[in-house]
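Participant: Encoded as structure tokens, here's the structure I'll be asking about.
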Amino acid sequence: MKSRRDNIVIGIDTSCYTTSIAAISLNKDIILSEKIMLKVDKDSKGLRQSEGVFQHISNIGKLSESITGKLKDYNIVGVCASEKPRPIDGSYMPVFTVGLNAGKLISAMHNCPFFETTHQENHIKSSLLGKNLLNENRFLAVHMSGGTTEIILANKKNSNDYELEIIGGTKDISFGQLIDRLGVKLSYDFPCGKYIDENALKSDIKIENGLKTSVKEGYMNLSGIENQLDKIMKDNKNIDKYYLSKLLMDTIVRCMLKSLTYLCEKYQTYEVVFAGGVSASKYISKNLTQKLKKYNVKAYFTESHLATDNAVGCALIGIENLNLGE
């Protein structure tokens, strides 16, 4: 009989830009976490859902070939996949059907339970891995990605599940879109986050007058920031790209600081967990952590491979559902 270390749960997440598969032991050790980024044409600002579905189908085949040998000595006892973007009614994107149906197939082939979760819950769960919050029953979670910027109040319903309530975020474009649009204008390959982050870290120019922000009661409007950046680039053809990147990242930090300090006080909870690809930014994590500390708010950022799209959270949610069933 296999030990808990040899029994594993498979997690699958097929998001807008990444095909991800993970395998976690019942002891919550990461056996593998692999992903393939979807291909986006240069100078493009994204992918149509139909293009994403096609690439996910191809990527699932590639990943299955690469992981078969790595999992030959393990026993698959459960599968969990993201079925939609968020745990709310009406949330739907076609790309998630690929991972959902692949998960059902693996579950049937191994005669093991299948569980469903959401992309957002997957992100939050993976970001919590290895973190010791002072109060795991109630905290704020920030989901910052290519298509989402939401601030969520997480209340634990039971040993296995959280009730997630959106209490803040952006009312127009996301931070990820804002970063990518600047990156494309600077001729970087999409997605552009890592380039803008590296530029911001390299800049030693002090920001005297930052961009104007629109933040009210935890909600932000970002289109005005994009307009300001466009005007700066139009008026200054030779503006330093490192400074321009730092200017944007500094603005993101200030927007989040205003939103989070207001919401932490309103909901009387002072721990914030960050998830999503934008939270992998070293510039944002360093500066926002320092600024929040001055308000006695504890920030929890995670390793980049767990912050960006992955399926580790799906597998962890599968384990918790499996344990609850037992």
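The values are calculated or read from the model by the stated rules, or taken from the named source; none is laboratory data. Bear in mind that the values here come from a model prediction, so they are computed numbers and not experimental data. All Cβ positions, even for glycine, are placed from backbone atoms using ideal geometry, and neighbour counts span all protein chains on display. The area values use the complete protein model at the heavy-atom level, side chains included, leaving out ligands, DNA and RNA. Shrake-Rupley method; radii C 1.70, N 1.55, O 1.52, S 1.80 Å.
Participant: What residue among Pro94, Pro191, Pro85 has the largest mean-square fluctuation in a Gaussian network model of the chain, using Cα springs under 10 Å?
Facilitator: Of Pro94, Pro191, Pro85, the Gaussian network model singles out Pro94 as fluctuating most.
Participant: Find out how many positive minus negative residues lie around Asp197, taking Lys and Arg as positive, Asp and Glu as negative, among other residues whose Cβ is under 13 Å from that of Asp197.
Facilitator: +3
Participant: If you don't mind, another one. Please give the Cα centre distance for the stretch 125-169 versus the stretch 197-216, rounded to the nearest Å.
Facilitator: 27
Participant: Where a ≥ b ≥ c are the square roots of the eigenvalues of the C-alpha gyration tensor, would you call the stretch 1-157 rounded, which needs a/c under 1.5, or, failing that, prolate if a/b is larger than b/c, or oblate?
Facilitator: Oblate, since a/c reaches 1.5 and b/c is not below a/b.
Participant: Taking the chain as a Gaussian network, Cα atoms linked when under 10 Å apart, which of Asn59, Asn101, Asn135 shows the biggest mean-square fluctuation?
Facilitator: Taking springs between Cα atoms under 10 Å, the residue moving most is Asn135.
Participant: Among Gly78, Gly90, Gly193, which one moves the most in a GNM of the chain with springs linking Cα atoms closer than 10 Å?
Facilitator: Gly90
Participant: Express in % the proportion of alpha carbon pairs of the stretch 164-277 at distances exceeding 18 Å.
Facilitator: Of all Cα-Cα pairs in the stretch 164-277, 52 percent lie more than 18 Å apart.
Participant: Is there a pair in Lys104/Lys125; Lys72/Lys156; Lys84/Lys202 whose C-alpha atoms are over 32 Å apart, and which pairs would that be?
Facilitator: Among Lys104/Lys125; Lys72/Lys156; Lys84/Lys202, the Cα-Cα distance tops 32 Å for Lys72/Lys156; Lys84/Lys202.
Participant: Between Asp41 and Asp161, what is the label-to-label distance in nm when each label sits 7 Å out along the Cα-to-Cβ direction?
Facilitator: About 4.4 nm, to one decimal.
Participant: In Å and from the alpha-carbon atoms only, list the Rg and Dmax of the stretch 46-138.
Facilitator: Here Rg and the maximum Cα pair distance are 15.5, 43 Å.
Participant: If only Cα atoms are counted, what is the Rg of the stretch 1-86, and what is its Dmax, in Å?
Facilitator: 14.9, 53
Participant: Just how large is the dipole of the stretch 204-326 about the Cα centre, in debye to the nearest 20, putting +1 at every Lys and Arg Cβ and -1 at every Asp and Glu Cβ?
Facilitator: Result for the stretch 204-326 is approximately 640 debye, rounded to the nearest 20.
Participant: Dipole of the chain (Lys/Arg Cβ +1, Asp/Glu Cβ -1, origin at the Cα centre): which of Ile232, Thr308, Val98 lies farthest to the positive side?
Facilitator: The residue sitting farthest along the positive end of the dipole is Ile232.
Participant: Could you tell me the distance between the Cα centroids of the stretch 20-74 and the stretch 288-312, to the nearest Å?
Facilitator: With the stretch 20-74 and the stretch 288-312 each reduced to a Cα centre, they are spaced 24 Å.
Participant: Next question, about the same structure. Carbon and sulfur: what percent of the stretch 61-191's accessible surface (1.4 Å probe)?
Facilitator: 47
Participant: List the chymotrypsin sites (Phe, Trp or Tyr not before Pro) within the stretch 75-153 that DSSP assigns to loop and that have no more than 15 neighbouring Cβ atoms inside 10 Å.
Facilitator: Counting only loop positions with at most 15 other Cβ atoms within 10 Å, the chymotrypsin sites (Phe, Trp or Tyr not before Pro) in the stretch 75-153 are Tyr92.
Participant: Determine the calculated [θ] at 222 nm for the chain from helices alone, applying -39500 (n - 2.57) to every DSSP H run no shorter than 4 residues and normalising by the residue count; nearest 500 deg cm²/dmol.
Facilitator: Taking each H run of at least 4 residues, the total per residue is -13000 deg cm²/dmol.
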